[in-house]
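One structure is given here, and the rest of the page talks about it.
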Amino acid sequence: MAIKVFKNFFKMVLANLFKNNKEIKLGFYGPPNAGKTSLANRICKDFTGEEIGSVSKVPHETRKVQFKEKVEISYKGKKMVFKMIDTPGIATKIDYEEFLKYKMSKKEAKERAKEATQGVIESIKWLDDMNIVVVVLDATENPYNQVNITIIGNLVARKIPVLIVANKVDLKKADIKKIEAAFPEYEVVGISARFGDNLEEFYESIFRLSKKVQ
């Protein structure tokens, strides 16, 4: 009897160990140029020394899902392991003419638009693999638009825990309250991915959400 109890206890300990070491799939979603890759880069750089992808002023710089395995984030003495997944910007319409103003040829612009469209489709498909999603929004832009509603709607349908990040709070036009009013059912954290402002609150929120999926 004692041996059986010990074996059950041992199995429970092992189960808890594996449970706590689970790699949580953390996805970054949002419209183009909101700062998804900038935020993912800052986190990866801080904890792994490497960035996850390149950034640009040109929309849809990220056109394929990119990820970094086993990013161990430490916060207030706690550690969690994440698979960071940076996704192409979601858009309801992508017109090649949008890229012509960035001194691209017509051929280059059409290719960029095609790749960006494929990236949006890929982003939506990857939602089924996410444990937690960070929706990154530009705090200087109006949050009441079809793109943001589409993103949130897809997350609601899948019952995925969500944290909304209001990025670019370092800019004068930033308005976090507007984003909070647009999505009152979600926690909103204001940050500057560029300067690393308020990342402590971001990590605290991520760790809190992570407990729901462990």
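Taking the criterion of being closer than 24 Å to His60 by Cα and out of contact with any helix residue (DSSP H, G or I) (no Cβ under 6 Å at 6 or more places or on another chain), would at least one residue in the range 177-193 satisfy it?
Yes, that holds for at least one residue.
Among the numbered conditions (1) touching a Ser or Thr at 6+ places or on another chain (Cβ under 9 Å); (2) closer than 30 Å to Ile24 by Cα, tell me where Pro59 comes up short.
Of (1) touching a Ser or Thr at 6+ places or on another chain (Cβ under 9 Å); (2) closer than 30 Å to Ile24 by Cα, only one is false for Pro59: (1).
When you look at Ile151, is it touching a residue at least 40 places away in the same chain (Cβ under 8 Å), more than 24 Å from Val65 (Cα to Cα) and crowded, with 19+ Cβ neighbours inside 10 Å, yes or no?
No: the conditions fail for Ile151.
When you look at Val156, is it buried (at least 18 other Cβ atoms within 10 Å of the Cβ) and either touching a helix residue (DSSP H, G or I) at 6+ places or on another chain (Cβ under 9 Å) or not hydroxyl-bearing (Ser, Thr, Tyr) (or both), yes or no?
Judged against the criteria, Val156 is not a match.
Just to be sure, is Lys79 charged (D, E, K, R), in a strand (DSSP E or B) and closer than 15 Å to Met130 by Cβ?
Taking the combined requirement at face value, the residue does not satisfy it.
No lab work stands behind these numbers, since they all come straight from the coordinates. Every value quoted in this text rests on a predicted model; they were computed, and no experiment measured them. When we count neighbours, we look across all protein chains shown, and the Cβ atoms used for this are built from the backbone with ideal geometry, even at glycine.
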